[in-house]
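Enquirer: Sharing a structure, written as structure tokens. Questions coming.
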Ligand code: S3P
């Protein structure tokens, strides 16, 4: 589907409640499936990715009942059953990698499959540590489908070259079913939702800097309130900063420091952004964010900041086109392994719009501020975050643009366009 985006006649005004966090929704449904009893998840995401996790858990014998549009009850004995079908993870890397950890420690065999994009993504990063724990996984060239033969696992002390929450979560979840303790050390701290939620559910888990250590544990069923996704809020933050005269409030946004790199970048760029009310929800910090149109300047984004904003880099590239001077992104080579090669894709597509941006092996360099001409058609490459980043770019182009494959936004944020349009109506 081609979506046409025209430069708006008005500024963005008012407020928007940011929908449920994708990372937390995956974890809530997967971890609740391991708890004996009834768990309640409030504000569960409507994105296709978390629904893939839900479907996989159901195929493993777990019951799910929607109480209303947003709340789902997960009813489980805490013991997963051998599935009678391959477990379809759709487009979701989080589902596949987290489930690989859990399934490695079960007493049955299972197969994890995914769509074309997921089948191209690297799984060696989880197969390697799991094999060291005694898992047996068969996969051609370490790509999905993964055939997982459940085994008795042994705990390991794993030192990862990658700062990856998916790999960390996979190893820690395998550790729940392993003999002895399991530790995972990463070069920089990636999102720590798994550590927080497992602790909230009673697991024996602790952290020391960039190391998390877990012992085999039983999880308790709990009620979890999921906050809004800062990765979804990022598109509104960028739009509010670059569409002249905008002034918006984003409500109920998750502010876990392992996810707030975008806020640090906006501050470095000189953007007007304030955090209004901060509270805790199910162990996670949450607040409202006010964003106003701003004069921006370029900045350098690298090292430990990268895992804290990994999913926001495509929209940060768009933001940087509207900032004076040079914005340099380094140490982000793993962006090439996301739903698309996000370095190549974002550089190629915003160049078509008139941006001055060049690709480097581990990131990109943007020269701003540029008046984007637009008037062309661009590609989402079946990547939800690229589709939404291009939409935001379309808001500051001189002429309308067409975004091919816009329907991929449904992977994480089906409400995106409706909520964006609401802010133009005041
Ligand atoms: C995620 C972790 C990140 C992120 C992905 C979701 C998670 O991936 O890009 O969208 O929920 O754990 P990596 O951990 O592989 O960087």
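The values are calculated or read from the model by the stated rules, or taken from the named source; none is laboratory data. What you see is a predicted model, and the numbers here were worked out from it, not measured in a lab. All Cβ positions, even for glycine, are placed from backbone atoms using ideal geometry, and neighbour counts span all protein chains on display.
Enquirer: Suppose we filter segment 176-213 for residues that are within 16 Å of residue 101 (Cβ to Cβ), part of a helix (DSSP H, G or I) and within 16 Å of the ligand (Cβ to nearest atom); how many remain?
Expert: Residues meeting the conditions: 5.
Enquirer: In addition: Just one of (1) closer than 16 Å to residue 146 by Cα; (2) within 16 Å of the ligand (Cβ to nearest atom) trips up residue 104, so point out which.
Expert: (2)
Enquirer: Listed residues 353, 313; which is closer than 19 Å to residue 22 by Cα and touching a strand residue (DSSP E or B) at 6+ places or on another chain (Cβ under 9 Å)?
Expert: 313
Enquirer: If I ask for residues that are within 17 Å of residue 89 (Cβ to Cβ) and away from the ligand (no atom under 16 Å from the Cβ), which ones from segment 1-53 would you list?
Expert: Residue satisfying the conditions is 33 alone.
Enquirer: So for segment 177-188 (the condition being at positive phi, in contact with a strand residue (DSSP E or B) (Cβ under 9 Å, 6 or more places away or on another chain) and at pLDDT 95 or above), does at least one residue qualify?
Expert: Yes, segment 177-188 has at least one match.
Enquirer: Okay, next question. Looking only at segment 248-272, how many residues end up being under 18 Å from residue 227 (Cβ atoms), without any contact (Cβ under 8 Å) to a residue 60 or more places away in the chain and buried (at least 16 other Cβ atoms within 10 Å of the Cβ)?
Expert: Of the residues in segment 248-272, 5 are under 18 Å from residue 227 (Cβ atoms), without any contact (Cβ under 8 Å) to a residue 60 or more places away in the chain and buried (at least 16 other Cβ atoms within 10 Å of the Cβ).
Enquirer: Which condition number does residue 167 fail, the rest of (1) assigned to a loop (DSSP other than H, G, I, E, B); (2) within 13 Å of the ligand (Cβ to nearest atom) being met?
Expert: Exception for residue 167: condition (1).
Enquirer: Continuing with this model, one more query. So which residues in segment 226-245 are closer than 15 Å to residue 15 by Cα and surrounded by fewer than 24 Cβ atoms within 10 Å (Cβ to Cβ), if there are any at all?
Expert: Of everything in segment 226-245, just one residue is closer than 15 Å to residue 15 by Cα and surrounded by fewer than 24 Cβ atoms within 10 Å (Cβ to Cβ), namely 245.
Enquirer: Now for a separate question. Any idea which of 81, 161 is within 16 Å of the ligand (Cβ to nearest atom), assigned to a loop (DSSP other than H, G, I, E, B) and out of contact with any helix residue (DSSP H, G or I) (no Cβ under 6 Å at 6 or more places or on another chain)?
Expert: 161
Enquirer: What residue, of 28, 64, 55, is surrounded by fewer than 22 Cβ atoms within 10 Å (Cβ to Cβ) and in a helix (DSSP H, G or I)?
Expert: On the way: 28 fails: surrounded by fewer than 22 Cβ atoms within 10 Å (Cβ to Cβ); 64 fails: in a helix (DSSP H, G or I).
The match here is 55.
Enquirer: Which of the residues spanning segment 122-141 are within 15 Å of the ligand (Cβ to nearest atom) and either on the phi > 0 side of the Ramachandran plot or at pLDDT below 95 (or both)?
Expert: Within segment 122-141, no residue meets the criteria.
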